[in-house]
Amino acid sequence: MSKRIRKAVFPVAGLGTRFLPATKAVPKEMMTVVDRPALQYVVDEAKAAGIEHFIFVTGRGKEVIENHFDLAFELEATLAARNKTAALEELRAERPAAGTTSFTRQQEPLGLGHAVWCARDIVGDEPFAVLLPDMLMKHTVPCLKSMVDAFEASGGNIVSLEECDPAQTSSYGIVALGKTLGPDVFEVTDMVEKPKPADAPSNFFISGRYILQPRIFELLGTQERGAGGEIQLTDSMLRLASEQDFYGVRFRGTTFDTGTKLGFLKANIAYGSERTDIHPDIVKELRATLGA
Ligand code: G1P
């Protein structure tokens, strides 16, 4: 029987250079989608998948992330004194319980593989999840939940997969698929980080959710720099796949890359549109703006 996935790593050290000047003083993960930081949606996805401990790999200038997941005593006291019960309840519901968050710093920007490796002591010797906070994944079944379900059946290592435009493979980690093992569950036989379209083994890309065995940390510890001169998680996962089972679960919902301007705006429209309090006004405003 496979061990349960209790811990999730959120690499949040990135500089957000694609989103300057907004990210000069505000971490990109804290930018607002409707009325919540983008990162909160990803933490909620992890919670919905049964994650109990949230590990943030941060960097300089990211202190507000730690504050966001802490108890804001003065704020809560003020809301209570003013009988703002709904706002207070919402804050309390979203706050992780004491002792269920950990923060460590990636001291140098050496890549995603290095960021995940920085969490090795906090994760310890158990399988764990990684969620890339840029990717907001919207579906009735949260992406990580379907991966946890697959993991309970198969064990091993699992990445989330989606199809990209074949011309865009150099933006992603791309996999080669082997046998189909179930509805939307595949064997992964190869992984390449950011290949040119001519070198890509398929157009299925790793879309930002992972379940990995702790053996990955040893491999990351000896991983040489790869694409972009960075220590790539994909390169160590390929080595891991030569030792252990490796699967891909295809995500059928909608993914927004909030690290891009367009993805961020689309996320705001999509998440805003499903909010009953503002939906009619959003539709009205969009119609007026587009003259439709
Ligand atoms: C990272 C991963 C890549 C993955 C992508 C998903 O790349 O290295 O394999 O496909 O996230 O967004 P990054 O976007 O950090 O360059």
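The values are calculated or read from the model by the stated rules, or taken from the named source; none is laboratory data. None of the values given here were measured: they were computed from a predicted structure. So basically every Cβ, Gly included, is an ideal-geometry build from the backbone, and we count neighbours across all protein chains shown.
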Segments classed as strands (runs of 3 or more DSSP E), wholly inside region 83-152, with at least 2 members that are charged (D, E, K, R) and closer than 19 Å to Ala38 by Cα = none
Do any residues in region 101-121 that are away from the ligand (no atom under 11 Å from the Cβ) have Cβ atoms under 7 Å from those of residues that are part of a helix (DSSP H, G or I) and of a type in the set (A, V, I, L, M), where the two are at least six apart or on different chains, and which pairs are they?
-> Ser102/Ile122; Thr104/Ile122; Gln106/Ala115; Trp117/Leu220
Over region 229-262, the set of residues small (Gly, Ala, Ser), at pLDDT below 95 and more than 10 Å from the ligand (Cβ to nearest atom) is Gly253
For the subset of region 136-164 comprising residues that are more than 17 Å from Val188 (Cα to Cα) and touching an Asp or Glu at 6+ places or on another chain (Cβ under 6 Å), which member is surrounded by the fewest Cβ atoms within 10 Å (Cβ to Cβ)?
-> Pro142
Of the residues in region 234-245, those that are within 19 Å of the chain's Cα centre (by Cα) and either without any contact (Cβ under 8 Å) to a residue 24 or more places away in the chain or closer than 14 Å to Ser160 by Cα (or both) come to Thr234, Met237
Subset of region 174-186, residues surrounded by fewer than 17 Cβ atoms within 10 Å (Cβ to Cβ) and more than 16 Å from the ligand (Cβ to nearest atom), comes to Gly178, Lys179, Thr180, Leu181, Gly182, Pro183, Asp184
List, please: which pairs have Cβ atoms under 8 Å, are six or more places apart or on different chains, and start with a residue in region 214-231 that is more than 23 Å from Ser170 (Cβ to Cβ) and end with one that is more than 15 Å from the ligand (Cβ to nearest atom) and in a loop (DSSP other than H, G, I, E, B)?
-> Pro214/Gly124; Pro214/Asp125; Pro214/Glu126; Pro214/Pro127; Arg215/Glu243; Arg215/Gln244
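Under 11 Å from Val57 (Cα atoms), hydroxyl-bearing (Ser, Thr, Tyr), at pLDDT 95 or above and more than 14 Å from the ligand (Cβ to nearest atom): is that true of Ser146 in this structure?
No; evaluated as a whole, the condition is false for this residue.
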Residues being closer than 29 Å to Asp277 by Cα and within 15 Å of the ligand (Cβ to nearest atom): count how many of those fall in region 1-26.
-> 2
